[in-house]
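Data first, discussion second: the structure below is written as structure tokens.
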Amino acid sequence: MLKIWFYILIILQKITNAPEISYNQPKLPSCPQWDPHGITVANETTAGVGVVDIFIDRNNTVYVTNQYDNEIEIWNVEDLILKTIKLDNLFEAWGLFVTIDENVYVGSDSKKNVEKWTLNETRGTFVMNTFDACPGMFIDIENNIYCSLGESHKVIKQSLDNNSNIISVVAGNGSKGSANNMLNRPRGIFVTINFDLYVADCWNDRIQLFKFGQLNGITITDSTSSFNLLKPTGVFLDSDNYIYIVDNAHHRIIGSRSTGFYCIAGCTSNPGSTSTHLKYPYAAVFDNFGNIFVTDQNNDRIQKFLLITNNSNSSPIIQSTYSSILTENSEIFAHIDCEKLNYYYETIQIEVNESGCYNLVSKSPIDTFGYIYQDYFKPIIPTDNSFSHIGPKYTDNQFKFETSLLFNTKYILVVTTLHPNITGNFSVIATGPNHVIFNRINVSWSIQKIYSSELPINDQVYPRSGCQLFSYYYDAVEINVIESGYYIFTSNSIMNTYGFIYENNFDVFQYKKNLIFEDNINGCNNQFKISIQLQANTKYVFVVTTSYPNVTGNYSLLVYGPNNITLHPIYNFPQNFQNQYSSALTPSNRKYTREKCRLANNYYEDIEINVMTSGSYTITSHSSINTFGYLYKDRFNPLNFQENLIIQNDEGCDDSQFQIAVNLDTNSTYVLVVTTFLPNITGEFLISAFGPDKINFNPIGIQTIYTSILTKDTQTYSRVCGRTGYYYETIEINVENSSIYRFDSNSSIILYGYLYENNFNPFNPTDNLITQSNYSCGAYQFQFTAYLHFNITYILVLTTFHSNVQGPFSLIIYGSNNITLNRTIFNHDDCIVGDRCNSYTKGIGLTLDDILRNEIRRNTTMNNQSFLIKMSTALTTIIFVGGLINSILSLITFQNLELRKVGCGIYLLSSSITSLLTISMLTMKFWFVILTQINLSVNKLILQIGCISIEPILKLSVYVDTWLNACVAVERAVNVSQGVRFNKIRSKRIARRINIILPLFVMITIIHEPIHRHLLEYTTEKYTSQQYDYLTNQTNNTDKYEMEYHTLCVINYSSSLQDYNTAILFFHLVTPFIANFISAFYIVFGTARQRSITRTKQTYIRHILEQFIEHKQLIISPLILLILSMPRLIISLISGCVDVSNNPWLYLSGYFISFTPSMLIFIVFVFPSKLYMKTFRESFQKFRRSTY
């Protein structure tokens, strides 16, 4: 009794300490059945393109790896709310496993490692180095992680505890092979709680079991067993340790029970996209309910197959019996393709009245063998559509089926013998929840058509797979069927044949387009055999070719099916051309990175491609190295390999070669980039291309090298707003042929490049800009690409990334043709002031600012200024003092009331005031320019007020003063004209009104100037050359750069406003002179005419001469004023682009001379007049007496 309790306690302890697993191993019914019609739970829109591995945890959360988008898609079976783990770029996720704590372990094909990710992380955690891709992954109950290494042909294990990095091999010896201790490209794996390891030994077409601690595997099933496997990629187990297999190349899922293997989904073994088909499924798992989820790889979807039987495990109670006999008159077939037809068989249709689990057992004196099919049976291919076939698994070499049968479903039981040519009676006893109905049926497929032809040596050829350099002869036949149904196509020939069937049409340049099925191994004696469902009223094309290139011979095409079929040969396919290009990747090739923001360590060669005929082309690589191909439209940018990308391919062909099928246009240029999958790999390669015409390959590898140096004497400009001192060199570029060119550099300094069309403006460097260097991934890159046209001149501006940097450099240009480079010197445009962000284009006219700006020394006293500044200061002082004296003397003269009884006195009094204002504003402007340029800390508001007001007020004073002088001349002319009739009161009244109106008029005409005046602020950097220190007898090697801040007062006029401003200038300076001159001549000629009337003794000419002598000052004065004003007119009209620094004295002298009329009022008007001089003396004497 105590011993019993002891054993009970041991069992309870084991139950209590049972390990918790994260994956599903459901307890299934004794004969489970899944609905063969799959439900699509995710497609390429939700799960993405390139779904590979799948995992479902105990909470029914689905995890799927998406190789194309480098993501892990996550959702729950119940809510279908999608979540995503975004992996690194080019991660290429493959194997997948999720632990109980929701840590996601995923293998990286590109990194050759395993990383741990969680839903909310943006970076993965390194787990283990695999040194190879990890297509299959598992974590056992002791926290050991397993990885199948496809290319290393083994399975490794590493503990996840204590950060262990010890890796052990648990299956395979690293060499591919089919021995018990070897593997060949293993894929999916499964580890039981007893640590037994199941491996999908993909390329050995088998499932291997490695018992714990054993390196010799046990074959569970393979290609020679009753359910022959072809490239299995997945294996998983239920709670009873029954095995389920993803039979990849047979496009199906199979399972096992105690009586053997049976088909679950995709049982036609043919690829397809319907609900009952799969196309190269990769992985499958259970959910918590026993449903099976499959990654249908080539259909880019996840299929769910529902568990539909829920029958009990109780023993069947109702029995049904069928009896018959196999005779020599029975139909014959072969168990296995290509065997002799010497097995008698009988076909029996089975139907049940109730869905459930049924046992079918044979009873016979002969050894029996049985198959069960759903819907149909093909004697030509007995394994097709069979979801169960069992040999003598029962007593006395009889078969026994334990399977689930569904109501309203037709099944076909095929009873045959274990050995050939055996006849005898047999019985089939069925037990289950209800009666089984047996009906014998006749299933005999006959040959419906035999088509014989040949592949002659002069026949049409094509590449067949596109991955080979050789040509394959082919024959194409159009197919039409009368009745929809399954048909079998097989060949009979001494050649090794290959068959393809297409829907609608066959494109010789895109052999995969419209392809439905292909085969070269399923027939007998290296012949093809294709079983496919064809529809009536649909056109099909069957292509017969060979497995090996350049093989010719006769063949026969045999077609089996339910009804007649018509075959018509197709001729006149378009000729295809094959072109080749050979080269090599060497250490001298350029490098780039196939993954953004990673080290550039992949050698590459870019090849320009042009076609003569638009159409479909296939481009394939052939090399001993693992190549990778990219095709771009127009150009390839190595800094952004996704830009202009049309298509890319890695392993489109065997032996890790790429193949690109694409439509190319004659009016376009393409770039093929050949690189490697792994970094730092070199080797030779060959590119083959076939299509409707020849392809021109032009390597973009011709190098043009240009070397130079940036020094302190090199031109500078403002590359970045607010910063100057960027040394630059401009290079003129011309190309011989229009093509794509890549620009690169080699220098110890960081260079920056800009490419312009036709010309480059440093003050507006965005004009004509085509492309430039860029900054990405936290680092700067000089390289860029551009399409350059023949007969167009380009300007390359080569400068530095940082300012004030000098040094040598080499410019390297890659292209398919030679390129001409000529250095050009950019002549600075003196019309433009400022930098690239704050520039001003000068218009017409020079100001005192323009003349003195470059002569003023900043941040120093007047004593340290140049001689020009000192001399201009003296001249300004002289003008101011002289003008002040002139204005005071004039004011003393014309403040006399007698002189102001007529308009002239009023005009001259006002002119005395405006002259004083003019000289004062000139002086103020001079000192404003000097002080604001010397002292840079002047308040900006003061600068703004001075910019807007000083120059306009100065112009106002000058223009008003000039007009007042003209008014004096006009009134004198009127006085002469009217003589004794001259009205002094009226003259005085008019003068007062003009004194009010004239300033307003002038102000209105120049009101645009203060409106368009503003401050221009910009900076420059001044280079100070090295200085020799005589105390230390050394040279200071530190170059000094001084930042200079400039503030200028500028005017921005539109072209129309500039024309108006010029017209106003002429109007205010020329019109008063004309009025003066005309008035003077009128006085002379008018007075002479009047006197000639009263004094007839003298001729009219004599009177004119006398009047010229008497009034010469009236003519000389305006002439002098005009001559003195001419410099102002010239300076106002001269282009602002003139380099004043070449002749500063000339412009400064002219500027000051133009203001002398304002200090000559007394000399011009008072001194020549006896009346005005007499009045001046009297007023001056009166002023002196009043002061004593």
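Just so you know, all these numbers are worked out from the coordinates, no wet-lab data involved. Since we're looking at a predicted model, the values are computed, not measured. Counting neighbours? That spans all protein chains shown, and the Cβs are built from the backbone with ideal geometry, glycine included.
I need the peptides 136-148, 802-814 ranked by packing, meaning the mean over residues of other C-beta atoms within 10 angstrom, with the highest value on top.
By packing density, highest mean first, the sequence is 136-148, 802-814.
HN-Hα J couplings of segment 651-661 from phi, Karplus 6.51/-1.76/1.60, θ = phi - 60°, integer Hz, Gly and Pro as x?
Rounded to whole hertz, the list is 10, x, 10, 5, 6, 6, 10, 8, 9, 10, 10.
Quick one: which residues, 5+ away or cross-chain, put their amide H under 5 Å from the amide H of Asn774? H built at 1.01 Å from N.
It is Gln781, by chain and number.
How much FRET efficiency would the formula 1/(1 + (r/R0)^6) give for Ile1078 and Trp927, where r is the Cβ-Cβ distance and R0 is 41 Å, rounded to 0.05? Could the numbers behind the result be given before it?
Working: r = 39 Å, r/R0 = 0.95.
For R0 = 41 Å, the calculated efficiency reads 0.55.
Modelling each spin label as a point 7 Å along the Cα-to-Cβ direction, I'd like the Thr666/Ile422 distance in nm, to one decimal.
For Thr666 paired with Ile422, the spin-label model returns 7.1 nm.
In terms of modelled amide H atoms, which long-range or inter-chain residues lie less than 5 Å from the amide H of Ala42?
Ile302
Mind giving me the FRET efficiency for Leu678 and Tyr787? R0 is 25 Å, r the Cβ-Cβ distance, nearest 0.05 is fine.
Working: r = 31 Å, r/R0 = 1.26.
Working from the Cβ atoms, E equals 0.20.
So between Asp459 and Asn439, what do we pick up on full extension, going 0.36 nm a residue minus the alpha carbon distance? Don't jump to the answer; show the numbers that get you there.
Values: separation 20, 0.36 × 20 = 7.20 nm, distance 5.18 nm.
The span from Asp459 to Asn439 would gain 2.0 nm if fully extended.
Can you give the net charge of the other residues whose Cβ lies under 13 Å from the Cβ of Asn113, counting K and R as +1 and D and E as -1? The partial results should precede the final answer.
On the way: positive: Lys111, Lys112, Lys116; negative: Asp88, Glu92, Asp109, Glu115, Asp132.
Local charge sum for Asn113: -2.
Label Leu469 and Lys901 with points 7 Å out from Cα along Cα→Cβ: what is the distance between them in nm?
Taking the simple label geometry, Leu469 and Lys901 are separated by 12.3 nm.
Take the Cβ-Cβ distance between Asp79 and Ser273 as r, set R0 to 25 Å, and report the resulting FRET efficiency rounded to the nearest 0.05. Please report the intermediate quantities before stating the final value.
Numbers: r = 27 Å, r/R0 = 1.07.
Approximately 0.40, to the nearest 0.05.
How much length is gained on full extension from Glu503 to Asn764, taking 0.36 nm per residue of separation minus their Cα-Cα distance?
Values: separation 261, 0.36 × 261 = 93.96 nm, distance 6.07 nm.
The Glu503-Asn764 span can extend by a further 87.9 nm.
Please list 238-247, 664-673 highest first by mean number of surrounding beta-carbon atoms within 10 Å per residue.
Numbers: 238-247: 19.7, 664-673: 18.1.
So the order, starting with the most tightly packed, is 238-247, 664-673.
For segment 478-486, just list the computed ³J(HN,Hα) in residue order, Karplus coefficients 6.51, -1.76 and 1.60, θ = phi - 60°, integers in Hz, with x standing in for Gly and Pro.
7, 10, 9, 10, 7, 10, 5, x, 8
Across segment 613-626, in residue order, what do the Karplus-derived ³J(HN,Hα) couplings come to in whole Hz, using 6.51 cos²θ - 1.76 cosθ + 1.60 with θ = phi - 60° and x for Gly and Pro?
Once rounded to whole Hz, the list reads 9, 5, x, 8, 10, 10, 10, 10, 9, 9, 6, 7, 9, 7.
I want the local charge near Asn425. Using Cβ-Cβ distances under 12 Å, sum +1 for each Lys or Arg and -1 for each Asp or Glu among the other residues. List each step's numbers first, then the result.
On the way: positive: Lys363; negative: Glu346.
Computed value for this residue: 0.
With a point put 7 Å past each Cα toward its Cβ, work out how far Lys870 is from Gln772 in nm, to one decimal.
About 4.6 nm separates the two model spin labels.
Report the extension gain between Ser614 and Asp375 in nm, rounded to one decimal, defined as 0.36 nm multiplied by the number of residues separating them, less their alpha carbon distance. Can you show the working numbers first?
Working: separation 239, 0.36 × 239 = 86.04 nm, distance 4.76 nm.
Answer, rounded to one decimal: 81.3 nm.
Show me 947-955, 261-269 ranked by packing, highest mean number of other Cβ atoms within 10 Å first. Don't skip to the end; give the middle numbers.
Numbers: 947-955: 19.9, 261-269: 24.4.
So the peptides 947-955, 261-269, ranked by packing, come out 261-269, 947-955.
What is the sum of charges around Tyr706, taking Lys and Arg as +1, Asp and Glu as -1, for the other residues whose C-beta is under 12 Å from the C-beta of Tyr706? Intermediate values should be presented prior to the final figure.
On the way: positive: Arg823; negative: Glu729, Glu732, Asp744.
Once all neighbours under 12 Å are counted, the net charge is -2.
Collect residues whose amide H, placed 1.01 Å from N in the peptide plane, falls under 5 Å from the amide H of Asn113; neighbours closer than 5 in sequence don't count.
Excluding prolines and chain starts, which carry no amide H, the hits are Ser108, Thr130.
Could you tell me what % of all Cα pairs in segment 318-440 have separations over 19 Å? Write out the running numbers ahead of the final one.
Working: 3186 of 7503 pairs.
For segment 318-440, the share of Cα pairs beyond 19 Å comes to 42 percent.
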